[in-house]
1. For His167, which sequence-distant residues (separation of 5 or more, or a different chain) have an amide H within less than 5 Å of its own amide H, given hydrogens modelled in the peptide plane?
2. Starting from the Cα gyration tensor of the stretch 194-332, take the square roots of the eigenvalues, sort them a ≥ b ≥ c, and report rounded, prolate or oblate (rounded when a/c is under 1.5, otherwise prolate if a/b is larger than b/c, else oblate).
3. Would you mind checking the pairs Lys67/Lys262; Lys98/Lys145; Lys67/Lys107; Lys57/Lys262 and listing those with alpha carbons more than 25 angstrom apart?
4. So, in nm, how far is label Thr273 from label Glu101 when the simple model puts each one 7 Å beyond its Cα toward the Cβ?
5. Using only the heavy atoms of the protein chains and a 1.4 Å probe, how would Arg287, Arg29, Arg126 rank by accessible area, largest first?
6. Through the Karplus equation 6.51 cos²θ - 1.76 cosθ + 1.60, θ set to phi - 60°, convert the phi angles of the stretch 219-230 into ³J(HN,Hα) values in whole Hz; use x for Gly and Pro.
7. Obtain the nm distance between the two label points defined at Lys136 and Glu329 by a simple spin-label model: each point lies 7 Å from its Cα along the Cα-to-C-beta direction.
8. Can you tell me how the stretch 49-110 classifies by the Cα gyration tensor, rounded, prolate or oblate, using a/c under 1.5 as the rounded cut?
Amino acid sequence: METVAKKMNWSELAEGVINGTKISKENARSILTSPNKDILQLMDAAYQIRHHYFSNKVKLNMIINTKSGLCPEDCGYCSQSIVSEAPIDKYAWLTKEKIVEGAYEAKRRKAGTYCIVASGRKPTDREVNHVIGAVKEIREQTDLKICCCLGFLNEDQASRLAEAGVHRYNHNLNTHADHYESICSTHTYEDRVETVNHAKDAGISPCSGAIFGMGETLDQVVDIAFELNRLDADSIPCNFLVAVEKTPLEGTKELTPLQCLKILAMMRFVNPTKEIRISGGREVNLRGLQPLGLYAANSIFVGNYLTTEGQEPTDDWQLIEDLGFEIEECAL
């Protein structure tokens, strides 16, 4: 990643954002190319925006992988795809009872949002009904915000999930439209945008983000941030590639902890009012700089991810406490 940039007054730029001025793509790119020696100034400026809209609160999200592997798509980053030879657990749908049990585990981990995730291209109507049964029971018994990530949806499926009480639907853009064919050939970028819009049209809060470190250019990283702004995604997961062995992207290593921080800061400047979540690859890519990430982001996953391990929830709680921040246990 390039490191040459014009000298910027990050605090002044942040003040402008707080007052309603949208930053330009040129300034967003300058964040990504800012000198490493200015990282504390940059994160302090991002924190000004984050604190204005979210104070020191941190949202915790927990994933349950309700269907693992067995996916016909060829996404190069994914250990669950048809082209992956990674040694992961593969199983069909968990029972409704197991999904509901996971909600109580989310509460124990102090998560406010419970993410029901399933591998595959798209759910059948029967699978949607299976999720709806669990969602209704969770809604009756807890105050959790429920997010689903089930693949491509049609309009009817989105409407039925909304009616059942699903608050949020996750469907990441993953990468830039012009870079998409190098990552996946079994569906298109436009397919992903369509599902985000189906969720929005059904009245479900859209959750959409990207995976960084897959060969995208700096301009493409900036474009992704602005596209998520255009789509009005309420929650933006920022994933940093974990190059799992025996996947097509095995061995890819493009990011440093400082570069990850700059991406998070840029996302905050471009999407000041939105939930910015440090997602997959947080522990591997940010390493010892994880606490600094929360000066820009206001949300993290707690516990394990889909097929990769996270750190212990108690470590995340301690990290948040050490920063003087506060867990927002009810996300409604």
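The values are calculated or read from the model by the stated rules, or taken from the named source; none is laboratory data. Every value quoted in this text rests on a predicted model; they were computed, and no experiment measured them. Cβ atoms come from the backbone with ideal geometry, glycine included; neighbour counts cover every protein chain shown. With ligands, DNA and RNA removed, areas are computed over all heavy atoms of the protein, side chains included. Shrake-Rupley method; radii C 1.70, N 1.55, O 1.52, S 1.80 Å.
1. Here the answer is Ile146, since their amide H atoms fall under 5 Å of that of His167.
2. It comes out rounded by the Cα gyration axes.
3. Too far apart for the 25 Å limit: Lys67/Lys262.
4. 4.2
5. Arg126, Arg287, Arg29
6. For the stretch 219-230, the Karplus-derived couplings read 4, 5, 4, 4, 4, 4, 4, 6, 5, 5, 5, 5 Hz, x marking Gly and Pro.
7. My value for the distance between the label points is 3.0 nm.
8. Taking the square roots of the gyration eigenvalues as a ≥ b ≥ c, the stretch 49-110 is oblate.
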